Amino acid sequence: MRKLLRKIFLLDLVEGLKVTFRNQDPKRIYTEQYPAERPKVGERYRGAPRLNVNPETGETLCIACNLCALACPEHLIVLYSERNEETRRKELTTFTFDTSRCMFCGLCEDACPVDALELTQDFELAGYTREGQIFDRQMLEEGPRPVQYKF
């Protein structure tokens, strides 16, 4: 009998609406003005990748050891290097990072012995194609690109 009365008088609906209206107090509502004001991101957030560059020489810090590619569980980092005969060191020729499949776990960043690869605080990685999500060496060295908004 009690269930029937609850169904007839829609008591569950009334209780739900009571919770909704109780939380509609304007003092409790928080709105972010997203494009105009960038939201705060967690301190340990891992976003867009970047290849760090030596500010004095302008060259990448990557020593082409391939440890980041080996540490990546998704195998989305591909790099090629050539040995320089004059300096007898490996030099990075190409570096690609596929962010469309990346879990942003940070294993590649942890594996790098010279801190050349870094996951930044940039979170705006939306794109229209999968090909746009594959970052090459030039894009990674430039770092996160600022998004241009039109108001």
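Every number in this text was worked out from the coordinates using simple rules, so none of it is lab data. Because the structure is a prediction, the values reported are computed rather than measured. Using ideal geometry, Cβ is built from the backbone for each residue, glycine included, and neighbour counts are taken over all protein chains shown.
Would you confirm whether or not segment 106-116 contains a residue that is under 26 Å from residue 35 (Cβ atoms) and among the β-branched types (Val, Ile, Thr)? No - not one qualifying residue is present in segment 106-116. Check segment 116-134 and report whether any residue there is assigned to a loop (DSSP other than H, G, I, E, B), touching a Leu at 6+ places or on another chain (Cβ under 8 Å) and closer than 22 Å to residue 73 by Cβ. Yes, segment 116-134 contains at least one residue that is assigned to a loop (DSSP other than H, G, I, E, B), touching a Leu at 6+ places or on another chain (Cβ under 8 Å) and closer than 22 Å to residue 73 by Cβ. Within segment 121-142, the set of residues being surrounded by 15 or more Cβ atoms within 10 Å (Cβ to Cβ) and among the β-branched types (Val, Ile, Thr) comprises 134 only.
State yes or no: is residue 106 under 28 Å from the mean Cα position of the chain (by Cα), surrounded by 10 or more Cβ atoms within 10 Å (Cβ to Cβ), at positive phi and of a type outside the set (S, T, N, Q)? Criteria met by residue 106.
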